[in-house]
Amino acid sequence: MLRFEIKKVFSKAKSKAIIAVLFVILIATSILTINRVEWVDENGKHSVGILAAKNLREEKNEWSGYLTEDVFRAVLEENNKINNSKEALSDSVEEQNKAYAKKQGISSILDVINSAFSEYRNYNYYAADSVFDEEVKNVYVNRISTLEDWLNSGEETFTERQKDFLIRHYENLETPFYYEYADGWAALLQNISTFLLVLALVIGFFVSGIFSDEFQTKADSIFFSTRFGRTRGSLSKIKAGFCITSGFYVVFVLLYTFIVLFVLGADGANCPIQLDLWRSVYNITFLQAYLFIILGGYIGTVFASALAMLVSALTRSTPAAIVMPFIVLCAFPFLSRIITLPEICSFFPDQLLEIYLDIKESGLVEIGGKVMTTATVIIPIYAVVCLALQPILYKVYKRAEIK
């Protein structure tokens, strides 16, 4: 019965057309992500693609290793040398591009120095140009001190517990950072939320007719009159929805990940996320951040699909079920712009597909005197809700009346 239910979904012409569209979206999103990584050659010409990523990886990996005080000093020396070159001092944009090309190998390390010597919310792109050699020993210390200065400035609304939480996690970050080329992972994480949203909406389309189709085709009287129609039949539909949701999600996320990392390179998986997201309170690596984002996206997709199937069973309308994922994943973000209560908006289901933003901005919630990041709260909450929806869905469809 399970195989039959899945076959019914994909036997429709519109389902096949949507799959083709999804592959087009996959390719387009992958190209946009790949184009985030650029290489500038010695003549100042920009390029993207697999060769550009390869050249950039080779340049950056010459500096791979732990970012110690000696490494920072060497980077400053190289940066000053390039800044004083005739290309950098020229008024020609083309000549300045040539100077930038020489900085590509140290650009990510310069970003670390710039972040350390910038104000908490104001990144100074040229901060490293005015940093002295003896000051670079304070790179990791400055990350904590700039946070403390900002927390004490009165520009934020954190409670004392939340301030302590942020400072404690900053202090617990392991230093010195291990560094190597990680631009592939950084680009992947920056664009993945958009792809997960599109994927969740498409999956919602596929599962929206699983329960309502019997009523639409007037086959409900036959389905419910069979011996196991209300029991095994209902369970088969729930299982089909879960298999379609999980299968599509896993396959297309893996395809997107493979395409991007195949072109841009998978180096840097074990580097700290702070190399790209300096202010993040999460002490995790790029790989761990990726898995965390994927987990949140999966829970959000399952939740939206379960709601679509529940609406399908209750209303017996496929169009109404198709609209449900759009409401919970697209309408809620607009609602959050109207509602001025971040404590409520941070628990909206669309946030499950925006885990990257939570890792970047570190949203906090305080429950029972305990401070936690938003993502670590909403993921288990919605996981439980998804499980609770399954027996509800079963009872609703099992007790459906034949009209």
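Full extension of the segment from residue 158 to residue 291, taken as 0.36 nm per residue of separation minus the current Cα-Cα distance, would add 45.1 nm. Each of residue 90 and residue 68 was given a label point 7 Å from its Cα along the Cα-to-Cβ line. The distance between the two points is 3.8 nm. In order along region 125-131, the Karplus-derived 3J(HN,Hα) couplings, from 6.51 cos²θ - 1.76 cosθ + 1.60 at θ = phi - 60°, round to 4, 9, 4, 5, 5, 10, 8 Hz, and Gly and Pro are given as x.
Per residue, the chain reaches -20500 deg cm²/dmol at 222 nm when only DSSP H runs of four or more residues are counted, each adding -39500 (n - 2.57).
Scanning the chain for GluC sites (Glu not before Pro) in DSSP loops with at most 16 neighbouring Cβ atoms within 10 Å leaves 175-400 as the longest stretch between them. With springs only between Cα atoms under 10 Å, which of 316, 279, 121 fluctuates most in a Gaussian network model of the chain? Evaluated over the chain, the most mobile residue of the options is 121.
In the chain, taking the dipole from charged Cβ atoms about the Cα centre, the farthest positive-side position among 53, 355, 176 is held by 355. Roughly how much of residue 41 is accessible, in Å² to the nearest 10, using a 1.4 Å probe? For residue 41, the solvent-accessible surface is approximately 50 Å². Label sites at residue 100 and residue 137, each approximated as a point 7 angstrom past Cα along Cα to Cβ, lie 3.5 nm apart.
Within the shell defined by Cβ-Cβ distances under 10 Å, the residues around residue 197 carry a net charge of -2, with Lys and Arg each +1 and Asp and Glu each -1.
Taking 0.36 nm per residue of separation and subtracting the Cα-Cα distance, full extension of the segment from residue 246 to residue 269 would add 5.8 nm. With the largest listed first and rounded to whole Å, the semi-axes of the equivalent ellipsoid of region 139-210 from the Cα gyration tensor are 37, 21, 10. Max-minus-min Cα coordinates of the chain on each principal axis give 84, 51, 34 Å, with the largest extent listed first.
Just tell me, in residue order, which DSSP H segments of the chain are both 24 angstrom or longer along the helix axis (alpha-carbon based) and at least 1.0 in mean Kyte-Doolittle hydropathy.
Those that pass (Cα extent of 24 Å or more, hydropathy at least 1.0) are 13-34, 183-207, 234-264, 286-315, 374-398.
Students sometimes get this wrong: rank 381, 210, 167 by accessible area, probe 1.4 Å, all chains present, largest first.
381, 167, 210
The loop-placed chymotrypsin sites (Phe, Trp or Tyr not before Pro) in region 127-171, going by DSSP, that have at most 16 neighbouring Cβ atoms within 10 Å of their Cβ come out as 132, 158. Note on region 20-153: lysine pairs with Cα distance below 19 Å, sequence gap of 8 or more or different chains, count 19.
Taking 1.306 mPa s as the viscosity and 10 °C as the temperature, the Stokes-Einstein diffusion coefficient of region 4-81 based on its alpha-carbon Kirkwood radius rounds to 94 µm²/s.
Normalised per residue, the accessible area of the chain is 49 Å², obtained with a 1.4 Å probe and no contribution from ligands, DNA or RNA.
The values are calculated or read from the model by the stated rules, or taken from the named source; none is laboratory data. Note that this is a predicted model, so its numbers are computed, not measured. Using ideal geometry, Cβ is built from the backbone for each residue, glycine included, and neighbour counts are taken over all protein chains shown. SASA here: full protein model, heavy atoms, side chains in, ligands and nucleic acids out. Shrake-Rupley method; radii C 1.70, N 1.55, O 1.52, S 1.80 Å.
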